1. Name the residues in region 2-43 that are of a type in the set (S, T, N, Q) and part of a helix (DSSP H, G or I), would you?
2. I'd like the full set of residues that are surrounded by 10 or more Cβ atoms within 10 Å (Cβ to Cβ) and among the hydrophobic types (A, V, I, L, M, F, W, C), limited to region 1-27.
Amino acid sequence: MAVPKKRLSKTKSRIRKSDWKKKGLKHVTKALSLAKSLIKKLPS
């Protein structure tokens, strides 16, 4: 039977959300730097 979960406090949810965003930002910066390096290597 479905039981409602306990409510998460605002601080905990904000911490979790910020961690999730930081993880995404890490991937974005890596992808951007890779793209920049590939563009620089292309012969003009």
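1. Within region 2-43, Thr11, Ser13, Ser18, Thr29, Ser33, Ser37 meet the criteria.
2. Scanning region 1-27 gives Leu8, Ile15, Trp20, Leu25.
Bear in mind these aren't lab numbers, they're just calculated from the coordinates by the rules spelled out. Just so we're clear, the structure is a prediction, and the values are computed from it rather than from any experiment. Cβ atoms come from the backbone with ideal geometry, glycine included; neighbour counts cover every protein chain shown.
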